[in-house]
Every structure is written in C-alpha cells, then in structure tokens.
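Some notes on the structure that comes next.
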Amino acid sequence: MTRLWIDTDMGVDDVLAIVAMRAHRAVDGISLVSGNAPLTQVAQNAGNCVTELGWDVPVYHGADRPVLGPLETAQAILGADGLPARGEGPVFTKDSPYDFPHFLGPLCDWLEEDGPHEILALGPLTNLAILALARPDLLPRIDRLVWMGGAVGRGNHTPSAEFNAFADPEAVQIVLDRGVMPDVIDLDACREVQIGSADVDALAGATTPRARILHRLLGGYLDIGLSRGRPGMALYDPVAAAAMIAPENFTFEDARVRMACTDPVTRGRTETDFQSQTPNARFATDLDADAIRTLCLAPLALD
C-alpha cells in the first residue's frame, strides 16, 4: 500500500486540502513548517484541527524559519492565525494544547519502512530541504513528491514569485538539486480551479461542529477573493491534494527549474525551461477543473 506524509504551513487552504486528502487516503504523519504564519501559530492551528476536526494523525514540529533570509508570512492576507473565517467569534471553540515532537527522526523512520512513499507538500519546502541535507540517502525512497508552489507566470506574493517559493527559494533549489523530481502544482494550475458563493452556500446547512467549522473556513477563504472585487477564489492547496488523489485529472510536462535566490527584485521566481533535456521537475500544464473542484469540496460537506 502506498504511504502518505503531508508537510504543511497549516493555513486555511491547507486545512481544506488535508480534509480532502483524508477522505481518500490514510495519512501517516503531518510535519509543520513556518509559512502562512509563524511556527507557533501553525502548531496551534494543527492542535485545534486535531481536537475539533478529529484528525487522528501524528503531527510533528518542523522548521521555524527558512534556510536563508528572514521569516516571511502570509498574515497580511490570511490574518494573524492564517485561518480567515466567515462569521463572528473564533472558528475553534478554544485553543487546544499541543506538544508535537520534531519531525526529522520520524520522517526518516517512515522513509526507512516499506513503501512506496508519497509526500504532499503544501508550504515552503524548508523541512524537505533539511531532510535532503541531513539524510540524502533517503531521498530515493520518495516515490512521489507533489508540491503546491511556484509560478510559471506572474506571482501572487510579489510580481515575480508565488508565496511558498518566495518564503524559502533556497529550500526549493536544494530539493531540486537532489534529484527528487517533484510534481509541481503552480499558481497557473491552481487558478484554473475556482470556488464561488454557491460552493459556500452548499455547506450552509451544516449540522455538526466539524462541518460548521469547515463552512466558516471556506467562507473566509472565499472572502479573500471577494474583497478584491473578484467573483471567486482559486483553490490552491486542495488542487495539489487532488493531484495526489486523482492524478488522471492532470497532465504533467517535464521542465528544468531554477529558483531566483539572489536578486531582491526577482527573489522566489520560478525560472522554468520546458525545452530542457535535463528536467528536474514536472509541471501540471492541464487539468480537469470541474472534476478537481468536486473532488476537493465534496468531503467538506460530510457530517
């Protein structure tokens, strides 16, 4: 049986992606990384999800800063906790206590066990860069790495860069240089899968605490797009989960990627060559948006 590990910075679309993923696949472990918010808040989000969404998955602390450079978060867009929610009051009943061990030992142990092994990465790749530097001998045991990150076209955090790439481009380059060959679900792919008000309204009749939490989170997520005058919001991390669940809904093409790391203007840019004879990644260049949207949203309505 193929085994699965998720690496995440536990923002709102991460939560939606993990809910979708767990509806289809068993998850062996979740490692946390700073990104959408500082690691302390990321861990608090995870603790709350374990308690109130019923996640029976081991959770581990990861990196609290990028390989190089200062910590960059998405709190200016996602709010202080990275979990914008529609409605009054906190989305979780209370902050649940947590005591998560460090990820590296358990992740190494997991890779040393019988596979195949697949990793779904939903944030900056800092933890995987740490693994690559500490235990390069284990990288061949990663049978598939799917990463939501990068942008062949325009960025979202800067004109040049997608947020997960910008937050730690050195980590991305380390992973690329070690031959892991990730499947990349970049901004262009994610922007093809949009949600709108009808999708939030479909959850309005939620009756359980879990479903009500997810309804509020999906509404808060959509509000990011609505607040900018858009009719909808790209689904982002759940699209990467869909690539792991149903790869038949995606078309991938080989590419050679180099991350821009030194120029402050272009830092985090995904420099992509689809003509290269020495590819180091595969990019989702086409997808079935309707099928992916349905796959990602259906588990949110489960009571």
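The values are calculated or read from the model by the stated rules, or taken from the named source; none is laboratory data. Source: prediction; values computed, not measured. Every residue, glycine as well, gets a Cβ built from its backbone with ideal geometry; the counts of neighbours run over all protein chains shown.
Scanning region 97-123 for residues that are over 20 Å from the mean Cα position of the chain (by Cα) and loosely packed, with under 15 Cβ neighbours inside 10 Å turns up P97, D99, P101, G105, D109, E112, E113, D114, G115, P116.
Per-residue answers, yes or no, for (1) of a type outside the set (G, A, S); (2) over 28 Å from T51 (Cα atoms); (3) modelled with pLDDT of 95 or more; (4) surrounded by fewer than 14 Cβ atoms within 10 Å (Cβ to Cβ):
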residue: A206; (1), (2), (3), (4): no, no, no, no
residue: Y221; (1), (2), (3), (4): yes, no, yes, no
residue: T262; (1), (2), (3), (4): yes, yes, no, yes
residue: V265; (1), (2), (3), (4): yes, yes, no, yes
residue: G268; (1), (2), (3), (4): no, yes, no, no
residue: P279; (1), (2), (3), (4): yes, yes, yes, no
residue: F283; (1), (2), (3), (4): yes, yes, yes, no
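Does region 239-246 include one or more residues that are out of contact with any helix residue (DSSP H, G or I) (no Cβ under 6 Å at 6 or more places or on another chain) and within 20 Å of N36 (Cα to Cα)? Yes, that holds for at least one residue.
Helices (runs of 4 or more DSSP H) fully within region 62-169 that include at least 2 residues being modelled with pLDDT under 95: 75-78.
Would you check if G29 is small (G, A, S), touching a strand residue (DSSP E or B) at 6+ places or on another chain (Cβ under 9 Å) and within 16 Å of N127 (Cβ to Cβ)? Write out each step before concluding.
Working: small (G, A, S): yes; touching a strand residue (DSSP E or B) at 6+ places or on another chain (Cβ under 9 Å): yes; within 16 Å of N127 (Cβ to Cβ): yes.
Here the answer is yes, as G29 does meet what is asked.
Selection of region 102-156 for residues being within 16 Å of V27 (Cα to Cα) and not hydrophobic (A, V, I, L, M, F, W, C) yields P106, D109, E113, D114, G115, P116, H117, E118, D143, R144.
Would you point out the residue of region 133-148, among those that are in contact with a helix residue (DSSP H, G or I) (Cβ under 8 Å, 6 or more places away or on another chain) and in contact (Cβ under 8 Å) with a residue 40 or more places away in the chain, that is surrounded by the fewest Cβ atoms within 10 Å (Cβ to Cβ)? Can you show your working first?
Pass one, region 133-148, residues in contact with a helix residue (DSSP H, G or I) (Cβ under 8 Å, 6 or more places away or on another chain): 133-135, 138-139, 141-142, 144-148.
Checking the rest, the ones that are also in contact (Cβ under 8 Å) with a residue 40 or more places away in the chain come to 133, 139, 144, 146-148.
Values: L133: 12, L139: 16, R144: 19, V146: 24, W147: 27, M148: 29.
Of everything passing the filter in region 133-148, L133 is surrounded by the fewest Cβ atoms within 10 Å (Cβ to Cβ).
Sort out which residues of region 1-47 are among the polar types (S, T, N, Q) and out of contact with any helix residue (DSSP H, G or I) (no Cβ under 9 Å at 6 or more places or on another chain), and write them in order of number. If the condition is that a residue be among the polar types (S, T, N, Q) and out of contact with any helix residue (DSSP H, G or I) (no Cβ under 9 Å at 6 or more places or on another chain), then T2, T40, Q44 are the ones that fit.
Identify, please: which residue in region 38-56 is under 18 Å from D13 (Cα atoms) and assigned to a loop (DSSP other than H, G, I, E, B) and is, among those, nearest to the chain's Cα centre (by Cα)? Taking the candidates together, the pick is P38.
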